[in-house]
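J.: Sharing a structure here in structure tokens format.
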Amino acid sequence: MKKLKIWHIAAVFFAVCAGINLYGCWTDNAALANTVKPALMPLLCLATIAALAHKTGIKSREAKLLACAQLFGFAGDTALIGSEKFAFFAAGIGLFLIGHIFYISLFGGKSWKGLKFWHWLIAIIISLGAVALLIINIGIKGALMAPMAVYGFTLMMLIFSTLAGVIRFGGKTWWILLFGALLFTFSDSLIAIHTFKNPDACLGRFGVMSTYLVAQTLLAIGGVRLAKNKK
């Protein structure tokens, strides 16, 4: 019961900091939004680990992968505070990419077992097509085209890792994870639009952070449920 209280406390602090961040984004108060931004993912990570500790243990594979994904999200969040400078933007995207790989290792490790070659072929063709369309429509050119394509393809694999679970196993857990992956991709697409095409589109920073925070929360909830073998 004590660990459940820790889970509740961490979740409440995460919700409060998320609310402050979103208020700062909505009122265009970057200083306020950035003050609490670095605390968001560590608090979500603490809530996740506390929720898992009394069931699966914090040393379980699921707990380690979730914690690594969330902590790289924290590092990416922190780097993107200085996203006006190319080095910080590139570092943020790279850190998030590593975080996605940890998510994919967890979700795909459970949903991809037994898939046939043609499943992979279809997924890869669709993923490459979606990334190409996004890059063309947004207008990403030059040296950033290749790294952004790799990042976009990784996001498509994140979606595939959860979609495969929905198709193969069904259940609330995999639907939660799929919606989290889709929202994460949508949030990152907004970042790409703001950075490369139209800085004022889609409610600006508020649109990015609101979808991002919901996405990370859904992935955390789904990850905990997956670790506890809940359908």
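The values are calculated or read from the model by the stated rules, or taken from the named source; none is laboratory data. This one's a predicted model, so the numbers in the text were calculated from it and none came from an experiment. Methodologically, a virtual Cβ is constructed for each residue, glycine included, from the backbone with ideal geometry; neighbour enumeration extends over all protein chains shown.
J.: Being assigned to a helix (DSSP H, G or I), modelled with pLDDT of 85 or more and surrounded by fewer than 18 Cβ atoms within 10 Å (Cβ to Cβ) narrows it down to one of Ile136, Ile104, Ile93, Ile124, so name that one. Spell out how you get there, then give the answer.
T.: Working: Ile136 fails: modelled with pLDDT of 85 or more; Ile104 fails: surrounded by fewer than 18 Cβ atoms within 10 Å (Cβ to Cβ); Ile93 fails: surrounded by fewer than 18 Cβ atoms within 10 Å (Cβ to Cβ).
After ruling out the rest, the residue left standing is Ile124.
J.: Examine region 103-120 for a residue that is of a type outside the set (Phe, Trp, Tyr), in contact with a Gly (Cβ under 8 Å, 6 or more places away or on another chain) and without any contact (Cβ under 8 Å) to a residue 40 or more places away in the chain, and state whether such a residue exists.
T.: Applying the first criterion (of a type outside the set (Phe, Trp, Tyr)) to region 103-120 yields 104-106, 108-111, 113-116, 119.
Now drop any that are not in contact with a Gly (Cβ under 8 Å, 6 or more places away or on another chain), which leaves 106, 110-111.
With the extra rule that they be without any contact (Cβ under 8 Å) to a residue 40 or more places away in the chain, the set shrinks to none.
No, every residue in region 103-120 fails to be of a type outside the set (Phe, Trp, Tyr), in contact with a Gly (Cβ under 8 Å, 6 or more places away or on another chain) and without any contact (Cβ under 8 Å) to a residue 40 or more places away in the chain.
J.: Given (1) more than 19 Å from Met156 (Cα to Cα); (2) out of contact with any Phe, Trp or Tyr (no Cβ under 7 Å at 6 or more places or on another chain); (3) touching a residue at least 12 places away in the same chain (Cβ under 8 Å), identify the lone condition not met by Ala51.
T.: Going through (1) more than 19 Å from Met156 (Cα to Cα); (2) out of contact with any Phe, Trp or Tyr (no Cβ under 7 Å at 6 or more places or on another chain); (3) touching a residue at least 12 places away in the same chain (Cβ under 8 Å) one by one, Ala51 breaks only (2).
J.: Among the residues that make up region 84-93, is at least one of them touching a residue at least 60 places away in the same chain (Cβ under 8 Å), touching a Gly at 6+ places or on another chain (Cβ under 7 Å) and small (Gly, Ala, Ser)? Full working, then the answer.
T.: Residues of region 84-93 touching a residue at least 60 places away in the same chain (Cβ under 8 Å): 89.
Narrowing the set further to residues that are touching a Gly at 6+ places or on another chain (Cβ under 7 Å) leaves none.
Looking for residues that are touching a residue at least 60 places away in the same chain (Cβ under 8 Å), touching a Gly at 6+ places or on another chain (Cβ under 7 Å) and small (Gly, Ala, Ser), one finds none in region 84-93, hence no.
J.: Filter region 157-215 for residues that are at negative phi and in a loop (DSSP other than H, G, I, E, B); which is modelled with the highest pLDDT? Spell out the reasoning first.
T.: To start, the set of residues in region 157-215 that are at negative phi comprises 157-169, 172-201, 205-215.
Then keep just the ones that are in a loop (DSSP other than H, G, I, E, B); that gives 197-201.
Details: Lys197: 67, Asn198: 62, Pro199: 60, Asp200: 59, Ala201: 54.
Filtering first and then ranking leaves Lys197.
J.: If Ala51 satisfies all but one of (1) closer than 14 Å to Ala10 by Cα; (2) modelled with pLDDT of 90 or more; (3) not hydroxyl-bearing (Ser, Thr, Tyr), what's the number of the condition it fails?
T.: If we test Ala51 against (1) closer than 14 Å to Ala10 by Cα; (2) modelled with pLDDT of 90 or more; (3) not hydroxyl-bearing (Ser, Thr, Tyr), just (2) comes out false.
J.: Quick check on Ala33: is it at pLDDT 85 or above, within 21 Å of Ile93 (Cβ to Cβ) and touching a Phe, Trp or Tyr at 6+ places or on another chain (Cβ under 7 Å)?
T.: On the way: at pLDDT 85 or above: yes; within 21 Å of Ile93 (Cβ to Cβ): yes; touching a Phe, Trp or Tyr at 6+ places or on another chain (Cβ under 7 Å): no.
Considered against the rule, which asks whether it is at pLDDT 85 or above, within 21 Å of Ile93 (Cβ to Cβ) and touching a Phe, Trp or Tyr at 6+ places or on another chain (Cβ under 7 Å), Ala33 comes out as no.
J.: Pick from Leu177, Leu213: which is farther than 21 Å from Gly94 by Cα and among the hydrophobic types (A, V, I, L, M, F, W, C)?
T.: Details: Leu213 fails: farther than 21 Å from Gly94 by Cα.
After ruling out the rest, the residue left standing is Leu177.
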